[in-house]
Amino acid sequence: MSPIRSATIVALASAVLATTLTGCSFGAGQEDAGPIVIAADLELSGAAAPVGKAYQRALELKIEQLNTSGALGSRKIRLEVKDNRSDASESLRNITDFSGDSKVSAIIMGGCNECAVGAVLTINEKKIPTIALAPSSAISNPVADRRYVFKLAPNAADSAAALTTELRRKGIRKVAVLHSDDDYGREGLTALRGEFDKAKIRLVRNEAVRTTDTDVSQPVRLLTSGEAQALLLWTPPEQASLAATSAQEAGFAGSLFLDAAAAGDLFLGNARSTERATLIFTQTMVIDDVIATTPAKAARRQWFQDYTARFGGYNGFSSFAADAVQLIADAALRAGGPADQVNRDGIRDVLETSQMDGLSGPIRMTPDNHSGLMPQALTTLVARGGRWRLAG
């Protein structure tokens, strides 16, 4: 792996930390404390492995940047990763192991909705702060039953509202929806129905696919054989790519729209099938199209460039993992407590009131809302020339 210039690291860390740590000071006890241990439960094998590996790369890069920058004083972050094999039962075993390790400050979970929802009870019983990168609202709601669980991913309601705005703007009145047969997919369908009703858009047909399905051609044919003017894909990235190809092969001449969960790599594998497709996602995916007029935008651009230089491409989900590291690092520094003991309750309390202009966009946590990504973080992207671009 190629090294990152120290000046770049300092600039990036300073730009991000400046938005979160203003007015805070750290005592000698914190300076003398041991490493901040962050555990990660990720999908490194199985159906969701591509996204899980993108998260791992982002975690490692962000931690390297913070450790090298000096922004944490004498402290360092240490990452411990376990593969949940895209399986909720394995994920729960990982969470149990992590929570039993007194050195672990907090946990970051990957994009598996069932894993995060299935671990909620254990996380709260063990009182270990956890940030999940999966989008289902059941991960963080109701907050009263999920005091130690936080979520950092686009929300279904926000994505549905943004997609409907684009459909209405383009004069599309008849839409077919392919959605994942899981909590987030069903939540998305419900949110879309509500938004469509308000916008007088007709849902002509919807089909569900299991997240493990590797052939979606039949449901796509059913969705594109009718009167739909647009096909909306509310599935993981790999299935969205398969569905786009299937729609092209079926001769579908309508428009293609993708929910944020369908985002993935910046460069598209099958450019012809997705050309002019519309995606609702965060600006970081296309930050090279944006003039860096603020410190937050400059930090996002630097993150994009560093990730691309290190890994040869960019994955949209990487920024959520990096922001989760930043939130936990900030909380660990602010929480205080004995130098030889992890203050999990203190970290949880700080996370619950965190505010940050992160790499993903504006993030605000409150005691009543543990899903921190603000609606303003989402923007409209368009596929042009084999990659995502800022719509305009």
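The values are calculated or read from the model by the stated rules, or taken from the named source; none is laboratory data. Just so you know, these numbers come straight off a predicted model, no measurement behind them. Here the Cβ positions follow ideal geometry from the backbone for every residue, glycine too, while neighbour counts run over all protein chains shown. Quick note on the areas: whole protein, heavy atoms, side chains included, nothing else; ligands and nucleic acids left out. Shrake-Rupley method; radii C 1.70, N 1.55, O 1.52, S 1.80 Å.
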Criterion violated by Asp183 - all others in (1) farther than 17 Å from Ser241 by Cβ; (2) open to solvent by 20 Å² or more (accessible area, probe 1.4 Å); (3) modelled with pLDDT of 95 or more satisfied: (3)
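Every residue, every condition in (1) under 26 Å from Met285 (Cα atoms); (2) modelled with pLDDT of 95 or more; (3) aliphatic (A, V, I, L, M); (4) in contact with an Asp or Glu (Cβ under 8 Å, 6 or more places away or on another chain), yes or no:
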position	(1), (2), (3), (4)
Thr8	yes, no, no, yes
Phe26	no, no, no, no
Asp32	no, no, no, no
Ile36	no, yes, yes, no
Ile63	yes, yes, yes, no
Lys82	no, yes, no, yes
Arg93	no, yes, no, no
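Conditions (1) more than 19 Å from Pro50 (Cα to Cα); (2) among the β-branched types (Val, Ile, Thr), marked per residue:
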{"site": "Ala244", "(1), (2)": "no, no"}
{"site": "Phe252", "(1), (2)": "yes, no"}
{"site": "Arg276", "(1), (2)": "yes, no"}
{"site": "Phe281", "(1), (2)": "no, no"}
{"site": "Thr293", "(1), (2)": "yes, yes"}
Could you look through the range 73-92, keep only residues that are open to solvent by 30 Å² or more (accessible area, probe 1.4 Å) and assigned to a helix (DSSP H, G or I), and pick out the one that is nearest to Arg348 (Cα to Cα)? Leu92
Flagged in the range 140-161 as part of a helix (DSSP H, G or I), open to solvent by less than 30 Å² (accessible area, probe 1.4 Å) and within 16 Å of Trp234 (Cα to Cα), in numbering order, are Ala156, Ser159, Ala160
When only residues in the range 261-284 that are at pLDDT 95 or above and of a type in the set (A, V, I, L, M) count, which is farthest from Ser137 (Cα to Cα)? Ala277
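Each row is one residue, and each column tells you yes or no for (1) more than 20 Å from the chain's Cα centre (by Cα); (2) within 13 Å of Leu381 (Cα to Cα).
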| site | (1), (2) |
| --- | --- |
| Ala243 | yes, no |
| Leu279 | no, yes |
| Val290 | yes, yes |
| Thr293 | yes, no |
| Gln305 | no, no |
| Ser319 | no, no |
Residue list for the range 245-277, restricted to those being more than 17 Å from the chain's Cα centre (by Cα) and aliphatic (A, V, I, L, M): Ala247, Ala250, Ala253, Leu256, Leu268, Ala271, Ala277
Residues of the range 144-189 satisfying the condition of being free of Cβ contacts under 8 Å to residues at least 40 places away in the same chain and over 17 Å from the mean Cα position of the chain (by Cα): Ala144, Asp145, Thr164, Thr165, Arg168, Arg169, Gly171, Asp181, Arg186
Residues of the range 93-139 satisfying the condition of being in a loop (DSSP other than H, G, I, E, B), among the small types (Gly, Ala, Ser) and buried (at least 24 other Cβ atoms within 10 Å of the Cβ): Gly110, Gly111, Ala134, Ser136
Filter the range 289-320 for residues that are free of Cβ contacts under 8 Å to residues at least 60 places away in the same chain and assigned to a helix (DSSP H, G or I); which is surrounded by the fewest Cβ atoms within 10 Å (Cβ to Cβ)? Thr308
